[in-house]
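Values quoted throughout were computed directly from the atomic coordinates according to the rules given, and no laboratory measurement underlies them. Quick caveat: nothing in here was measured; it's all calculated off a predicted structure. Heads up, the Cβs are rebuilt from the backbone with ideal geometry, glycines too, and the neighbour counts pull from every protein chain shown.
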Amino acid sequence: MLYSVSIFCLAGDFIIQFTTRQTKILEIIQVSGPITGNQIAEKLQLSRAALRSDLAILTMSELVGAKPRVGYYVTDQTINKQKNSVFNTLLVADAYSRPIIVRGNSSVYEAIVTLFIEDVGTIFVVSEDNLLEGAISRKDLLKAAMGGKNNNELPVSIIMTRMPNIILTTPEESVLVAAQKLLRHQVDALPVVKIITVDNQTTFQVIGRFTKTNLTHLFVQLAEK
Ligand code: ADP
């Protein structure tokens, strides 16, 4: 995983704000270091001269070191920062909410009522044993409601996104990884599951939900601390 750098870095008594290019260079050094200035320039399709000031700033920040004939490498300071990043140490277990669930044979109408009563954007569909079967979002329900069918009779299992296409998280996963999943897959919520394997068969018991709202709460808590 790439080190996602905070764009502000404390170097001695100075606060340096990295540019997008400097952040990109730091990522390249993180992945490919030790690497020479020429090799970095080649990867970025720029001249070595164009990178001189960026490399100087990164070296000054002490996140990057440089050795003659070896190249640029990330320092222990970068590695420690990455390890100690609060988003890596925080776990989904610290942030998730209780799940809002319905059964597959519940009607679209019932699901819409649940959405309002529970004030959520996503409902998970589970079996009698609480095993994950699918997910329904606001827009899935809106689409069904506009479809002209009898929503009292239409079961949610017909309109849900179903397993194995559901993106999941677990309480042990870092908040950063779960947040990356939300962004990458463009969904608002992940079911938090307990993974159960019996006789080589894996099932996912729904124990919570991890949403963009959980992330916002966490962000505000951290900022107010
Ligand atoms: P909305 O479409 O209401 O803005 P989402 O962006 O969360 O809400 O959902 C987009 C689509 O992805 C919907 O069709 C929904 O069924 C599906 N979906 C929602 N959550 C997940 C998930 N965790 N994994 C996979 N698909 C999901």
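Some notes on this structure:
- The chain - mean residue ellipticity at 222 nm from DSSP helices (-39,500 (n - 2.57) per run, n ≥ 4, rounded to 500): -12000 deg cm²/dmol
- Beta bridges per DSSP with both ends in segment 89-158, % antiparallel, nearest 5: 65 percent
- For a label point 7 Å along the Cα-to-beta-carbon line of S157, residues of segment 92-111 with backbone N under 14 Å: 102-108
- Residues in segment 122-137 reached by a label modelled at N105 [backbone nitrogen below 11 Å; 7 Å Cα→Cβ]: 128
- Around the amide H of I100, modelled in the peptide plane, lie the amide H atoms of F124, all under 5 Å away and 5 or more residues distant in sequence or on another chain.
- Total lysine pairs in the chain at Cα distances under 18 Å, for residues eight or more apart or on different chains: 6.
- Loop-located GluC sites (Glu not before Pro) in segment 167-225, at most 11 other Cβ atoms within 10 Å (DSSP): E172
- Residues whose amide H falls under 5 Å from that of L91, counting only those 5 or more places apart or on a different chain, are V175, with hydrogens built in the peptide plane.
- Each semi-axis of the equivalent ellipsoid for the chain is √(5λ) with λ an eigenvalue of the Cα gyration tensor; in descending order they amount to 46, 18, 17 Å.
- From most to least packed by mean Cβ count within 10 Å, the peptides 92-105, 45-58 give 92-105, 45-58.
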